[in-house]
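Structure first, then comments.
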Amino acid sequence: MPWASLIPVICVFTVIGICFLVRSRNNRRSPGTEKLLRSPGHSVSIELDEIQDNLSTLLIFLIFSPPFTLALHSGKPIPNWGFIILAIGYGIVFYYFLKLLTKSSNYRLGLMGERAVGEELNQLMLDGFRVFHDFPADEKWNIDHVLVGSQGVYIVETKARRKQQGPAGHQDHVVIYNGQTLKFPHCEDQHGLQQASRNARWLGNFLSSATGEPVAVRPILTFPGWYIELQTKDTSLRVLNPKQIRNVIIKNDPPHKLSPEQVERIIHQLEQKCRDVKW
């Protein structure tokens with residue numbers, strides 16, 4: 001039997017072996033039974049894992065399909081139309097592979113941004129705050145971070161953006177907020193501003209309904225790795241570097257806005273939704 005004829009068999013058994021290994025690992029039970037709180041970027045991490053699985057599947061196809069196809073036609077000429085179909089098929093698969101690679105890079109950037117912000121926000125626990133990450137608002141979206149303390153309730157929306165070279169004379173690490181728009185070195189937009197305000201209103205309505213008393217939620221938009229230059233005195237929506245958030249809240253917002261009983265009721269509602277991670 002020529003070696004070429006064994007290539008399809010080797011490919012099939014390799015794929016079966018990989019699938020069996022993955023399935024056997026999934027059948028192992030974890031020793032933990034209690035659910036854990038979400039960590040920063042929990043939802044992004046899950047989506048990133050799914051992207052990596054899809055990338056692995058496409059990579060296996062791209063690696064094993066050519067020798068498999070050649071082995072099936074060993075000694076037989078492949079018609080021209082066959083080459084055209086194969087080229088189109090591989091082109092489509094390769095296109096989606098590259099598209100997933102780009103998506104994976106963007107999700108990884110977002111995940112690292114949320115983790116960096118989470119580390120800074122966790123320091124607020126030294127000041128008596130409770131910090132929740134990746135709060136599930138509903139099945140399709142989440143709030144990156146929620147802070148609860150005697151000063152009040154805050155949502156923090158994280159935006160991790162790559163730095164690009166702007167026009168001459170513009171610093172590539174500075175973003176200017178004038179109260180309406182965000183001015184980056186290479187562009188100007190409002191991305192994140194409306195989202196942060198909308199998330200704060202949603203959470204305020206949710207907590208007010210759940211606790212039976214009005215709960216005001218303040219929005220914060222943060223850009224890890226960027227220097228924020230403020231050209232407004234409006235504090236209804238704060239745009240800050242993550243390292244500024246703790247000092248701004250402690251120094252500018254008076255304590256005892258919420259009673260200990262109110263804080264506990266709010267924490268109870270938030271923890272019920274955030275403590276859903278299985279071991």
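The values are calculated or read from the model by the stated rules, or taken from the named source; none is laboratory data. Note that this is a predicted model, so its numbers are computed, not measured. For neighbour counting, all protein chains shown are included, and Cβ atoms are generated from backbone atoms with ideal geometry for every residue, glycine included.
Tabulated data
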item	result
Residue in the range 120-127 that is within 15 Å of the chain's Cα centre (by Cα), at pLDDT 95 or above and not aliphatic (A, V, I, L, M) present	no
Residue 206 vs. criteria among the aromatic types (Phe, Trp, Tyr), buried (at least 20 other Cβ atoms within 10 Å of the Cβ) and over 15 Å from the mean Cα position of the chain (by Cα)	no
Any strands (runs of 3 or more DSSP E) falling wholly within the range 105-199 and containing at least 3 residues that are within 25 Å of residue 49 (Cβ to Cβ) and in contact with a Ser or Thr (Cβ under 9 Å, 6 or more places away or on another chain)	130-136, 142-149, 152-158
